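To start, the structure itself, in structure tokens.
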Amino acid sequence: MSKIKLLGILLVFTIVGGMLAGCTSAPNTTEPDEPAATKLEGKVIVDGSGTVYPLMANIAEEYMMNVQPDVSVQVGRAGSSACTARCKCTGWKSWI
């Protein structure tokens, strides 16, 4: 058998062995418990662009139900222009 064929066969076995080793299941490890979060209470009001309202509403609901149930999060969607007016900004030039 020539050296090239022997190297080819050896290469194939190495590749197949590596693939099979990668397909084995990982050992069962448990993640350490997360430290307990500080219990909060109160109200948070978020207002802004209508394009991010659906995302913020879902995040607020998840937060109130599963993370901090004693915190009330109100999400509004007044729009970007309403928020700029509320900040008494006259447009992007006032920030320069």
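The values are calculated or read from the model by the stated rules, or taken from the named source; none is laboratory data. Values in this document were obtained by computation on a predicted structure and should not be read as measured data. Positions of Cβ are backbone-derived with ideal geometry, glycine not excepted, and every protein chain shown enters the neighbour counts.
Scanning segment 46-70 for residues that are assigned to a loop (DSSP other than H, G, I, E, B) and either in contact with a His (Cβ under 9 Å, 6 or more places away or on another chain) or not hydrophobic (A, V, I, L, M, F, W, C) (or both) returns G48, S49, G50, T51, Q68, P69, D70. When G42 is tested against (1) at pLDDT 65 or above; (2) more than 21 Å from the chain's Cα centre (by Cα); (3) at negative phi, only condition (3) is not met. Being within 13 Å of V73 (Cα to Cα) and of a type in the set (G, A, S) is the filter here; which residues of segment 42-56 pass it? The one that is within 13 Å of V73 (Cα to Cα) and of a type in the set (G, A, S): G42.
Can you pull out every residue in segment 50-66 that is within 23 Å of A37 (Cα to Cα) and exposed (fewer than 11 other Cβ atoms within 10 Å of the Cβ)? Scanning segment 50-66 gives M65, N66.
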